[in-house]
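Taken together, the values in this text are just the output of simple stated rules run on the coordinates, not laboratory data. Since we're looking at a predicted model, the values are computed, not measured. Neighbour counts run over all protein chains shown; Cβ positions are idealised from the backbone, glycine included.
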């Protein structure tokens with residue numbers, strides 16, 4: 001199936017195929033065509049390294065298959081997918097943090113990874129922005145990325161992250177302030 | 001110091017995704033799902049076989065209770081058993097000697 005056609009397939013149709021054992025592979029292909037890239041970049045912005053993003057995306061899709069019976073069409077399919085991807089990203093970060101550190105302690109090492117992972121021709125301001133995001137606590141990072149890059153509404157972010165809309169707004173506000181401060185301070 | 005304007009920034013990422021990554025990932029995921037489906041189906045067949053075998057075994061036991069083939073003593077005809085005196089009569093002198101020695105040691 002061509003990617004343009006895949007993108008036009010409704011989430012309801014994908015969800016129906018996903019629950020049908022005979023069409024589950026087709027559903028997974030459609031999900032990858034429609035949401036694969038946004039999910040990859042959502043994960044990559046959280047974990048920074050491509051190899052980690054690859055592992056997390058693969059686990060996300062396997063979990064989509066494993067837990068497809070738990071999907072309820074009360075929520076948009078995309079929110080369910082982002083929720084699984086977010087959990088997988090956090091799992092990768094928790095593994096990196098080990099027993100002694102928390103996910104929020106990984107800021108400096110993630111910031112260093114940004115420079116290692118950046119393309120040689122990448123714009124310096126874009127690298128600074130990613131460094132600033134890498135230094136944010138996990139919750140603020142999730143909220144900022146979902147709002148800023150994925151254009152999600154607070155209601156959708158609530159479905160993905162679970163916090164109240166007011167808490168999410170506060171998280172976004174703090175994230176923006178920290179990012180602005182970091183870039184203003186480090187910009188040449 | 002001039003404050004940085006976040007909204008004017010490009011949403012581009014400074015990272016790159018390897019070429020053909022999405023296609024490769026799709027194939028890998030679909031292949032893994034295929035394997036999991038196969039394993040799941042095999043487990044289902046095994047569970048069905050085990051359940052059928054269990055039901056068959058229980059049915060055999062219920063329909064043919066021992067089938068009269070086990071040597072269960074017939075206690076109603078216990079009087080047909082040899083008496084103690086008859087047993088003593090068949091014992092050799094050596095056996096009687098050993099019996100007598102054991103009786104003295106342990107008491108009757």
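Helix A:77-97 and the longest principal axis of the Cα set of chain A meet at an angle near 50°.
For the protein assembly as shown, the mean residue ellipticity at 222 nm estimated from helices alone is -22500 deg cm²/dmol, where every DSSP H run of n ≥ 4 contributes -39500 (n - 2.57) and the total is divided by all residues, rounded to the nearest 500.
Shielding value for A:118-130 is 4, the average number of Cβ atoms from other chains within 10 Å of each residue's Cβ. For chain A, the longest principal axis of the C-alpha atoms and the axis of helix A:24-47 are separated by about 10°. A straight line joining the Cα centroids of the stretch A:46-121 and the stretch B:2-34 runs 13 Å. Panel order for A:45, B:11, A:68, by other beta carbons found within 10 Å of each beta carbon, from fewest to most: B:11, A:68, A:45. For chain A, modelled as a GNM whose springs connect Cα atoms under 10 angstrom apart, the maximal fluctuation among A:166, A:145, A:87 occurs at A:166.
Arranged from fewest to most other beta-carbon atoms within 10 Å of their beta carbon, A:89, B:54 become B:54, A:89. Its relative contact order, with pairs defined as Cα atoms under 8 Å and 6+ residues apart, puts chain A at 19 percent.
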